[in-house]
1. Among the residues of segment 213-220, is there at least one that is at pLDDT below 95, crowded, with 19+ Cβ neighbours inside 10 Å and of a type in the set (Val, Ile, Thr)?
2. Please go through segment 66-108 and pick out each residue that is β-branched (Val, Ile, Thr) and crowded, with 20+ Cβ neighbours inside 10 Å.
3. In segment 1-22, what count of residues is obtained for those that are under 18 Å from Asp283 (Cα atoms) and more than 9 Å from the ligand (Cβ to nearest atom)?
4. Counting only residues that are under 14 Å from Arg101 (Cα atoms) and near the ligand (Cβ under 9 Å from one of its atoms), how many does segment 287-303 have?
5. Only one of (1) under 16 Å from the mean Cα position of the chain (by Cα); (2) within 16 Å of the ligand (Cβ to nearest atom) fails for Val60. Which number is that?
6. Might you check whether a residue that is over 24 Å from the mean Cα position of the chain (by Cα) and at pLDDT 85 or above occurs anywhere in segment 377-390?
7. Within segment 90-101, is even one residue away from the ligand (no atom under 16 Å from the Cβ) and touching a Phe, Trp or Tyr at 6+ places or on another chain (Cβ under 9 Å)?
8. Could you list, in sequence order, the residues of segment 130-140 that are away from the ligand (no atom under 11 Å from the Cβ) and at pLDDT 95 or above?
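The values are calculated or read from the model by the stated rules, or taken from the named source; none is laboratory data. A quick note: this is a predicted structure, and the numbers were derived from the prediction, not measured. As a convention, Cβ positions derive from the backbone with ideal geometry for all residues, glycine included, and neighbour counts pool all protein chains shown.
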Amino acid sequence: MSGTRSALVIGGGIAGPVAALALQKAGIEAVVYEAHPSTADGIGGSLAIAPNGQAALEVVGARHAAEDGSVPISRSALSFGGTEVELPHLAGLPPMRLVQRAGLYRALHDLALSRGIRVEYGKRLVAADEGPGGVTARFADGTSAGADVLVGADGIHSAVRKLIDPGAPDPGHTGVLGLEGVADHRVGREPGSLNFAFGKRAYYLYWPLPDGRTGWGANLPQDGPMTLTEAREVRPEAWARRLREIYGDDDPGGRLVRSTPADRLQAAGSLHILPHVPHWHSDRMVLVGDAVHAPSNSSGQGASLAVESAVELARCLRDLPDAPRAFAAYERLRRPRVEKVAARAAKTNTLKAPGPAARVLMPVLMRLLLRTALRPERTFGAEQRYRIDWDAPVREPEPGAGAASSAAGSGR
Ligand SMILES: Cc1cc2nc3c(=O)[nH]c(=O)nc-3n(C[C@H](O)[C@H](O)[C@H](O)COP(=O)(O)OP(=O)(O)OC[C@H]3O[C@@H](n4cnc5c(N)ncnc54)[C@H](O)[C@@H]3O)c2cc1C
């Protein structure tokens with residue numbers, strides 16, 4: 001039986017509202033504290049919600065957040081050097097959904113508010129004090145708030161991660177920048193298909209939109225990291241020039257970038273990957289989402305894993321008597337899964353912006369990538385078929401039992 005009654009959720013992005021909804025379902029009162037002074041409406045590009053992420057959203061009654069306004073992807077292909085290979089899909093699963101981050105965010109916030117969850121803006125966490133009776137969060141505006149536990153859902157540059165462990169790693173730069181656009185060029189396919197294209201100099205992907213235009217995303221090779229703010233300060237015309245240099249000779253990459261007006265370009269800054277995080281929690285503070293596992297965009301699983309972790313954390317807090325034991329069970333449940341996904345994505349990253357050595361090896365690397373993509377059950381089965389059994393009690397391992405049997409009852 002849980003001894004946890006209240007939670008401070010730091011970060012009102014994607015994992016934050018889902019954590020608050022799941023905690024409420026577990027009987028724990030949660031308040032969300034977001035650093036930005038207002039909502040993030042209209043900000044961000046596209047992200048994927050895999051079948052496992054949709055199922056996790058369903059646990060908190062939020063499946064619609066991944067469906068409304070999304071593009072369901074039922075076919076995908078991989079192309080390189082003039083060859084295009086249709087990729088098999090996993091049988092019996094709903095399609096992956098491409099959503100606008102802004103739409104997903106808005107739907108989750110609206111749902112949280114409609115269930116009476118408080119969201120406070122302009123609350124940037126700067127410090128926290130833990131004690132036997134609870135935890136107090138201190139915000140940059142001089143205010144503070146207390147509860148039994150603090151959930152760090154504050155994204156890849158998490159402040160909570162550093163409060164738990166000042167030596168925690170910083171995110172690494174994948175060597176590419178994210179840019180997204182909507183092109184007037186029609187690629188002559190039905191909406192519902194997604195093409196992963198390895199161009200002559202860099203990787204891109206594109207998907208036909210229901211209105212006939214084509215959405216696309218580019219991974220531009222970039223030596224040093226660039227923040228979202230820095231990327232937005234670059235004039236769109238300069239990005240358009242750079243895109244034409246990199247993708248101009250690719251088909252349809254060249255046509256996509258040339259038929260995208262500069263005002264329809266959106267820069268996302270450097271794409272990051274979070275290295276292994278040694279400490280996921282302290283006695284009263286714990287991490288979820290990108291704050292603890294950001295597997296790089298190559299995984300197509302970032303948001304889905306964030307949502308899963310938020311739900312699983314609430315289950316553990318519901319069933320175990322105190323926060324340290326609940327956090328330990330949560331880590332046992334989640335760490336092996338998220339690290340496996342991150343390892344798979346890391347392999348793909350090498351191909352997206354190949355250095356001179358990788359370029360020579362490209363045909364071999366491509367064959368390896370194809371071999372894994374053509375065996376979807378083996379490569380993606382465990383990732384995408386994962387379902388959280390909300391009603392199953394979380395158990396701790398018997399004394400002396402290995403970690404493998406821990407926190408049983410989930411992830412069928
Ligand atoms: C504005 C924005 C746009 C994005 N656009 C895209 C996109 O186009 N494509 C894509 O794949 N991913 C995007 N992401 C990342 C994506 O949302 C995450 O990878 C994923 O959904 C996991 O979500 P998360 O809630 O863990 O992290 P995030 O979505 O990053 O949310 C973290 C939240 O915590 C808040 N926060 C940070 N520090 C503090 C603090 N000290 N105190 C209080 N609050 C704090 C942030 O303002 C943010 O709202 C975006 C993130 C943000 C914040």
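1. no
2. Within segment 66-108, Val71, Val99 meet the criteria.
3. 9
4. The qualifying residues number 3.
5. Condition not satisfied by Val60: (1).
6. No - not one qualifying residue is present in segment 377-390.
7. Yes, because at least one residue in segment 90-101 is away from the ligand (no atom under 16 Å from the Cβ) and touching a Phe, Trp or Tyr at 6+ places or on another chain (Cβ under 9 Å).
8. Scanning segment 130-140 gives Glu130, Gly134, Val135, Thr136.
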